[in-house]
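Just so it is clear, none of the values below were taken in a lab; they were calculated from the coordinates. All values derive from a computational prediction rather than experimental measurement. Every residue, glycine as well, gets a Cβ built from its backbone with ideal geometry; the counts of neighbours run over all protein chains shown.
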Amino acid sequence: MIENKMLSATDRHGMLSDRFALLKAGELGLTEFIKDLGHFDAEDDPLPLSRIFDSLFLLLMVLDETGRGPVRDTLKGILEKTFDITGHLPG
């Protein structure tokens, strides 16, 4: 449903927000949250992408070095895919 964008960008953003809220509440583990982000590999809409980037950057700020590794790897992968999809390169 997410991968083929059957849900609107607003709904995808809402799902991401809900999952991040569960993570912050301790109801969802970091590994599971990162796994969930894999469903957004082909995401190209700015609204859900902004939620993904906000969540990952926030995690980088609050996690210790052990937790930052997987978050950093996930962020790098999503950024690279986003640049490939949109045709934009950081400049």
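Things to note:
- Selection status of THR66, hydroxyl-bearing (Ser, Thr, Tyr), in a helix (DSSP H, G or I) and without any contact (Cβ under 8 Å) to a residue 40 or more places away in the chain: yes
- A single member of LEU7, LEU37, LEU49, LEU28 is assigned to a helix (DSSP H, G or I), free of Cβ contacts under 8 Å to residues at least 40 places away in the same chain and hydrophobic (A, V, I, L, M, F, W, C), and it is LEU49.
- Residue pairs whose Cβ atoms lie under 7 Å apart, sitting 6 or more positions apart in sequence or on different chains, and linking a residue in the range 76-89 that is under 16 Å from GLY38 (Cα atoms) and in contact (Cβ under 8 Å) with a residue 40 or more places away in the chain to a partner that is assigned to a helix (DSSP H, G or I) and of a type in the set (Val, Ile, Thr), are ILE78/ILE52.
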